[in-house]
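Nothing in this text is a laboratory measurement; each read-out follows from the coordinates by a stated rule. Given the structure is predicted, the values throughout are model-derived calculations rather than measurements. FYI the Cβ positions are ideal-geometry reconstructions off the backbone, even for glycines, and counts take in every protein chain you see.
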Amino acid sequence: MELFDFAESLGMELSEGLIQNQHPMTMEAAAEMEPIWALRWRMRVCRISGKIFDITQEGLFYTSGEYVEELL
């Protein structure tokens with residue numbers, strides 16, 4: 001299934017390669033839904049702090065901006 005089709009099947013829009021979700025996704029929930037698209041959700045939950053963040057504004061993978069240095 002293509003990303004556009006996946007987003008459409010969920011009733012969500014796709015913009016700049018990201019699924020425009022209103023409800024933030026955890027890494028586990030995203031991978032359970034469709035592993036290949038786990039990094040295509042815009043609103044995410046930080047795996048370290050539980051903070052909700054917008055990947056277009058900060059962060060890396062499922063880690064909010066304040067914890068990114070810990071990944072490097």
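Can you find a residue in the range 35-58 that is surrounded by 12 or more Cβ atoms within 10 Å (Cβ to Cβ), within 11 Å of the chain's Cα centre (by Cα) and of a type in the set (Ser, Thr, Tyr)?
no
Within the range 21-32, how many residues are farther than 9 Å from residue 45 by Cβ and exposed (fewer than 15 other Cβ atoms within 10 Å of the Cβ)?
4
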